[in-house]
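Some notes on the structure that comes next.
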Amino acid sequence: MRFVQPLSLDEIIGIIGHPVTIVGNTEGMVTGVNEFHSVEEGELTFVDCDKYYQRILQSKASFILINQDNLACPEGKTLIVTSDPLSDYLQIVRKFIRFNPQSTAIHPSAVIGEGTIIQPLVFIGENVKIGKNCLIHSNVSIYADTVIGDNVIIHSNSTIGGDACYFQKRPDGWVKLDSCGNTIIESDVEIGCGCCIDKGVSGTTFIGEGSKFDNLVQVGHDTHIGKRVLLGAQSGIAGCTYIDDDCKIWAKSCVNKDLYIAKNTVLYAVSALDKSVQQEGCTLFGMPAIDAATKWKEMILIKNLPKLYETVKELQDKEKGRM
């Protein structure tokens, strides 16, 4: 989330509302907040987990809410040392986002392009922009700040821009990271029935030009889906994943969070991808997904295991008889 106007460090501390310790640069201006997967220079993020300290310190973040005072501050960065970085981060986010109840199906601030058809019972939120010649079918919900290009089709019961599924476990339950990002859908995209595309928790969930979704597809927060990507029915893409152009992910397949998938990758149906794919043009299959040809060979060998077992047993019995 970018601020309308950059804030000084003193203004940020004022929003936090309690004493903190500042280590490093004290002169910079905070341009916005972002979580660590997509934070950029000038922005503020948080870290409170051993697994991510070094990753955050080496990220582009200029301002870091952190609960350790014994870590070296990289040159040019500002560490804001506090006992509960997440709570302070959320305090800043909640200063700038509000849930505004809506009394009409289409918010007055929404901009809808020429030739676009909005079917009955569609909900369109605040500051939504929809391009020309789109078709939005009944019972679609388009949350605030969503941007949609030209010639986009969204079928019934799909939800665009819902909150990210992003929670931190605490002893007394789950703490939600309030979503302050948005969703962008480029031109010539078609979204099937019952699909859910979550907004970025702090950045943008992006669907590239010409991509096509079957029914019941889930796309997690801050995910980037490139141009001409095809997602089959009941496929699920976890948050912060980058799928490059011209990939095909077939039905009932899932992709884990924070992965990169190279151009022209094919993931066969009922597969699960848990590692990044760096080489273009791979065809993958299985759980976990591996090279499809290799997986088919494995399946043939597994199919032949009962026969192999019987053969080995016969040989063992014969050997025992000779003894």
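The values are calculated or read from the model by the stated rules, or taken from the named source; none is laboratory data. Please read all numbers here as calculations on a predicted model, not as lab measurements. Using ideal geometry, Cβ is built from the backbone for each residue, glycine included, and neighbour counts are taken over all protein chains shown.
Key figures for this structure:
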{"item": "Hey, I117 assigned by TED's automatic domain parsing to the domain that holds D258, modelled with pLDDT of 95 or more and over 17 Å from L177 (Cβ atoms) or not", "result": "yes"}
{"item": "Some residue of the stretch 242-252 being part of a loop (DSSP other than H, G, I, E, B), more than 23 Å from G286 (Cβ to Cβ) and modelled with pLDDT under 95", "result": "no"}
{"item": "Residues (of a type in the set (V, I, T) and surrounded by fewer than 24 Cβ atoms within 10 Å (Cβ to Cβ)) located in the stretch 197-216", "result": "T204"}
{"item": "Condition check for D178: under 27 Å from C49 (Cα atoms) and surrounded by fewer than 24 Cβ atoms within 10 Å (Cβ to Cβ)", "result": "yes"}
{"item": "Selected residue (only one of L65, L121, L71 is buried (at least 16 other Cβ atoms within 10 Å of the Cβ), out of contact with any strand residue (DSSP E or B) (no Cβ under 7 Å at 6 or more places or on another chain) and hydrophobic (A, V, I, L, M, F, W, C))", "result": "L71"}
{"item": "From the options T183, T159, residue that is within 25 Å of R2 (Cβ to Cβ) and touching a Cys at 6+ places or on another chain (Cβ under 8 Å)", "result": "T159"}
{"item": "Enumeration of residues in the stretch 199-234 that are within 14 Å of the chain's Cα centre (by Cα), outside any strand (DSSP E or B) and under 15 Å from C254 (Cβ atoms)", "result": "V217, G220, T223"}
{"item": "Selected residue (criterion: surrounded by the fewest Cβ atoms within 10 Å (Cβ to Cβ)) from residues of the stretch 235-257 that are at positive phi and more than 11 Å from the chain's Cα centre (by Cα)", "result": "K252"}
